[in-house]
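The values are calculated or read from the model by the stated rules, or taken from the named source; none is laboratory data. Everything numeric in this text was worked out from a predicted model, so none of it was measured. Counting neighbours? That spans all protein chains shown, and the Cβs are built from the backbone with ideal geometry, glycine included.
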Amino acid sequence: MLYFLMALFIIIGVLDFLRKHGFDQYLVAGRSQNATMVTLSMLATVVGGSATMGMVTLSGNVGFPAIWLYLSGTSGLMLLGITLARRVRETGAATLADLVGMLIGSRARALVAVIIVTGWTGIVAAQFVAAGRIVDTLTGLDATGALVAASVVITIYAILGGQSSIMKTDALQFFVMVGALLFAAGYIWKVSPAPLANFSFEFTNEKFPISKALYFLFIYGGSYLVGPDIYSRLFTSADDATAKRGALSAAIILPIIGLVVLFIGLSAAKGGADPKTLLTVEVVNALPSWAGAWLLGGLFCAVVSSADTCLVTAAGIIEHDILKGRRVSSMRIFIALFGGASLAIGLWRGDIIGLLLMGLGVFTTGVVAPVATALYFRGKREVNRQGLFIAILLGGSIGLTAGITGIQWLSFLGLGVSTAISLISALSGQNAKELQVKPATTD
């Protein structure tokens, strides 16, 4: 099944390549997607291989508190759908950095572009590592060879078709992935029923204290409220109402998928196996051979859905926001370079959750609060752009320090500083009604 899926993705990519789409079609799929496609594509992107395999690994290490990985994302998506999704689409921006330029200014646009491009190498690296483990299990290649092979296929697919191809295959990938997960969970329950009483329904424990839960909620969840990959889906929607429906629908469905993945992880972890191989080895071996191949194929779909979106998003930001160009040919070159850099990081560090949080650290502490504030108060108050730029700079710098030193509380400090400065920058400005020029009166 893996080879069939790989071939299918490449064929779709080649067909889109031959159509010679323009820049908007390549980057934002023509801004014509309906709510169903936006929802499915968003879910396919966020329920990536790194999130799915990472959650199973995390559940093997800490137990039920691993649910915070999905609860955090759900919270961010729900808040996005309620408050910001319509506003994001209304701007007509092409990338998150482009949107930042509209709301905060050109200096902030350049700074956020650099933060995303550097931070997202870790995000893509996490996807590549997850894909490598799947290819390793299916083909018997050594870990390095499997990682390289998977990374090359995903990168080539992204290069060929861009966002247009990605949107076409995301729905298929989502159903293959979720169908495989549901079957695996049902089979495990049937073969070895696990009474709910056997699970410890605790949201924190010694291995996963409240500080870790808060870290996931704000640092990981924050990237769902404001994030280049999530916003790339909103930018493809046909209008602002479609963007809102897509985000809210995804927020409702996401925790259901999370519970299924958590059940699989907790059930497989009872045997004391290596948490890193729970999903790709222990669960696969427990299933019939055809179902095991289906599960691995579904997991590979999950990885492709996330990784190709990240690659196109990062390349689009380099071309559109850093170089101020609109060339599809340049974007394809940047996808290749970005994929190579992410592969190098994946070869250097194979910790999926660690790579995810490393990539998100600087972005969430520096970018989320200022952008969310600017979006929320857009049209309501005149925000202080200089203050928001300082919030990005200071929050991101503290987050970078946290990532380098490993001192977790610095991440909270960075997020707190950027949030406080952002709110001050907004609330100190004039109300939109006060800015309106009153008509002149005559005696």
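Which members of segment 119-150 meet the condition of being of a type outside the set (A, V, I, L, M, F, W, C) and either in contact with a Ser or Thr (Cβ under 9 Å, 6 or more places away or on another chain) or assigned to a helix (DSSP H, G or I) (or both)?
The answer is 119, 121, 122, 127, 132, 133, 136, 137, 139, 144, 145.
If I filter segment 94-140 down to residues being among the charged types (D, E, K, R) and over 30 Å from residue 278 (Cβ atoms), which single residue comes out as farthest from the chain's Cα centre (by Cα)?
Kept after step one, since they are among the charged types (D, E, K, R), are these residues of segment 94-140: 98, 107, 109, 133, 136.
From the residues that got through so far, the ones that are over 30 Å from residue 278 (Cβ atoms) too are 98, 107, 109.
On the way: 98: 18, 107: 25, 109: 20 Å.
In this case the residue turns out to be 107.
Quick one: would you say residue 295 is at negative phi and within 19 Å of the chain's Cα centre (by Cα)? Break it down into steps so the answer makes sense when it comes.
Details: at negative phi: yes; within 19 Å of the chain's Cα centre (by Cα): no.
Considered against the rule, which asks whether it is at negative phi and within 19 Å of the chain's Cα centre (by Cα), residue 295 comes out as no.
For segment 276-387, list the helices (runs of 4 or more DSSP H) that sit wholly inside it and hold at least 3 residues that are of a type in the set (Phe, Trp, Tyr); which are they?
Working: elements: 289-317, 328-348, 352-363, 369-376.
Those helices (runs of 4 or more DSSP H) span 289-317, 328-348.
Would you point out which residue out of 277, 309 is closer than 30 Å to residue 114 by Cα and hydroxyl-bearing (Ser, Thr, Tyr)?
Working: 277 fails: closer than 30 Å to residue 114 by Cα.
It is 309.
Right, residue 248: within 30 Å of residue 225 (Cβ to Cβ) and buried (at least 20 other Cβ atoms within 10 Å of the Cβ) or not?
Considered against the rule, which asks whether it is within 30 Å of residue 225 (Cβ to Cβ) and buried (at least 20 other Cβ atoms within 10 Å of the Cβ), residue 248 comes out as no.
Within segment 64-76, is there a residue that is in a loop (DSSP other than H, G, I, E, B) and either crowded, with 23+ Cβ neighbours inside 10 Å or under 17 Å from the mean Cα position of the chain (by Cα) (or both)?
Within segment 64-76, the first condition is being in a loop (DSSP other than H, G, I, E, B), and the residues that meet it are none.
There is no residue in segment 64-76 that is in a loop (DSSP other than H, G, I, E, B) and either crowded, with 23+ Cβ neighbours inside 10 Å or under 17 Å from the mean Cα position of the chain (by Cα) (or both).
Residues 42, 55: which one is farther than 25 Å from residue 270 by Cβ, out of contact with any Asp or Glu (no Cβ under 6 Å at 6 or more places or on another chain), of a type outside the set (Gly, Ala, Ser) and surrounded by 24 or more Cβ atoms within 10 Å (Cβ to Cβ)? Give the derivation first.
Details: 55 fails: farther than 25 Å from residue 270 by Cβ.
From the options 42, 55, the qualifying one is 42.
Just one of the numbered conditions (1) modelled with pLDDT of 95 or more; (2) aliphatic (A, V, I, L, M); (3) more than 20 Å from residue 403 (Cβ to Cβ) is not true of residue 148; which one?
(1)
Given the residues 200, 237, 232, which is the only one that is of a type in the set (Ser, Thr, Tyr) and surrounded by fewer than 24 Cβ atoms within 10 Å (Cβ to Cβ)? Show your work before the answer.
On the way: 237 fails: surrounded by fewer than 24 Cβ atoms within 10 Å (Cβ to Cβ); 232 fails: surrounded by fewer than 24 Cβ atoms within 10 Å (Cβ to Cβ).
Every option except 200 fails the conditions.
Checking residue 209 against (1) touching a residue at least 60 places away in the same chain (Cβ under 8 Å); (2) closer than 24 Å to residue 73 by Cβ, which single condition isn't satisfied?
(1)
Quick check on segment 384-409: of everything there that is surrounded by fewer than 24 Cβ atoms within 10 Å (Cβ to Cβ), aliphatic (A, V, I, L, M) and touching a residue at least 40 places away in the same chain (Cβ under 8 Å), which residue is farthest from residue 97 (Cα to Cα)?
Taking the candidates together, the pick is 402.
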